[in-house]
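Each remark here refers to the structure printed beneath this line.
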Amino acid sequence: MAEAPTWGSQLRQALADPSRARLLLIWGAWVCADWTVLIAAGVLGYQVGGAAGIGLIGAARVLPGALLAGFAALATDRLPRPRGLAVGQALLCTTSIALVWLALSRAALAPLMIVIGIGSVLATVVKTTVFAMVPQVVRTPGELIVVNSAMSTVEALGTVLGPVVCAIL
């Protein structure tokens, strides 16, 4: 019976292919940025509206993406996936810049909620596009298992690093 591979060996195997390595890097960066924005948005919501502000920011972060995910996926599926991912990431970067500007200008809660709601829809697009690209970068079921395992590892790292980045900022 073959010995089960370790998470480190699976991660190395997944990173051996440049296409898979790029996809894992994109996924890890997105997860890290998503957690950073989540924490920063919560802090901003609390500063502007107290406990109710955090609740409203949370609703703005979840509801638009949940309600519009299907329509957004249909729209982005018409583009080549790499282009859709690039556009989604660029627009998410723009919403992050807008959040920084709103924070520095001490904006009210409503503009924060709008930008966070837009980011929610874009995040749904990016996440679904990344997962839709996985079958394009693997050739065998074994590689699919390795990439899925590596994506989980990278997601865990991003989940830790995002709050660290937010604390440093």
When the charge dipole of the range 31-169 is computed with +1 at the Cβ of Lys and Arg and -1 at the Cβ of Asp and Glu, the Cα pointing farthest to the positive end, of A103, T36, V147, is that of A103
Plugging the Cβ-Cβ distance of V160 and R12 into 1/(1 + (r/R0)^6) at R0 = 22 Å yields, to the nearest 0.05, a FRET efficiency of 0.65
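Grab the Cα-Cα distance for A21 and A66, subtract it from 0.36 nm times how many residues apart they are, and report the gain in nm with one decimal.
Values: separation 45, 0.36 × 45 = 16.20 nm, distance 2.88 nm.
Gain in length upon complete extension: 13.3 nm.
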Most packed first (mean Cβ within 10 Å per residue), the peptides 127-140, 37-50 order as 37-50, 127-140
Any helix of the chain counts here only if DSSP assigns it H throughout, its Cα atoms span 24 Å or more along the axis, and its mean Kyte-Doolittle hydropathy is at least 1.0, and such helices are 18-76, 81-104, 109-133, 141-168
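Which whole-number percent gives the relative contact order of the chain, counting Cα pairs below 8 Å spaced six or more residues apart?
Numbers: 167 pairs, mean separation 72.6, N = 169.
Taking the mean separation of contacting Cα pairs over the length of the chain, I get 43 percent.
Since every read-out is calculated from the coordinates, none of them should be taken as a lab result. Small disclaimer: the values here were computed from a predicted structure and weren't measured. Virtual Cβ from ideal backbone geometry, glycine too; neighbours counted across all protein chains shown.
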